[in-house]
Amino acid sequence: MTFTAMAPLFERCQRQLDKLARNRDTGANRFSVCARGLSEILTSLDDYDKNVVIAHKFADSLAANAEAITQEMIFHEGEPTDEAMGHLYELAFQMVEDLAVIVREKTMRSAVEVPSPGELDVMDYFERRGFWFLGDDTLVTEYYYTGLPIALIPQIFVNR
């Protein structure tokens, strides 16, 4: 599925994430980063459709997490319980992972020299929060730090 096809879902989820970021102290930054990441995708749908090839499994996971967050907020009528907040916070954690790999591939493949502020926010959150680090034996860090750069080296040098 393309990012363009997922746009309505991402728009609904972004609105819910914005609500969560405004209404909660705990996790507000994570919800805000996710909302900004979705906003960047929505702003540059064609670029994401064209440049995200390897990370398509992360795009599927992003869509699933966006749907889960949206449904959870609808179920709780925008006022999640503490237990639901824990689940939403975990979904946002997974969404950060998906966004980080997707944004990294898009920025590495694109001809733009500097990522947008929202893309930088996602990558900065991923790189500096201490949850993910090179050698932690997770699939997401393998893709982010090693897999994507190795896979894209030929293209980077040919296109620059």
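We did not get these values from a lab; they are worked out from the coordinates using the rules stated. Because the structure is predicted, anything quoted here is derived from the model rather than measured. All Cβ positions, glycine included, derive from the backbone under ideal geometry; neighbour counts span all protein chains shown.
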Rounded to 0.05, the calculated FRET efficiency for the beta carbons of Ala7 and Ala64 at R₀ = 22 Å is 0.90
The base-10 log of I(q)/I(0) that the Debye equation returns for region 1-84 at q = 0.13, 0.22, 0.24, 0.27 Å⁻¹, one scatterer per C-alpha, is -0.41, -1.03, -1.17, -1.37
Pick from Phe133, Phe93, Phe75: which is most flexible by mean-square fluctuation in a GNM of the chain where alpha carbon atoms under 10 Å apart are linked? Phe75
Of Thr141, Thr107, Thr43, the most mobile residue in a GNM of the chain (C-alpha springs, cutoff 10 Å) is Thr43
Percentage, to the nearest whole number, of Cα pairs in the chain over 28 Å apart: 18 percent
Proxy reagent accessibility, fewest Cβ within 10 Å first, across Glu119, Glu142: Glu142, Glu119
Excluding residues on the same chain fewer than 8 positions from Lys19, give the lysines whose Cα lies under 30 Å from its Cα. Lys57, Lys106
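Starting from 0.36 nm per residue, how many nanometres of slack lie between Glu79 and Val114 once their C-alpha separation is accounted for?
8.8 nm
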So which residue, out of Leu148, Leu139, Leu62, gets the largest mean-square fluctuation from a GNM of the chain using Cα contacts under 10 Å as springs? Leu139
3J(HN,Hα) from dihedral phi, region 36-43, Karplus parametrisation 6.51/-1.76/1.60, rounded to Hz, x for glycine, proline: 5, x, 5, 4, 4, 4, 5, 6
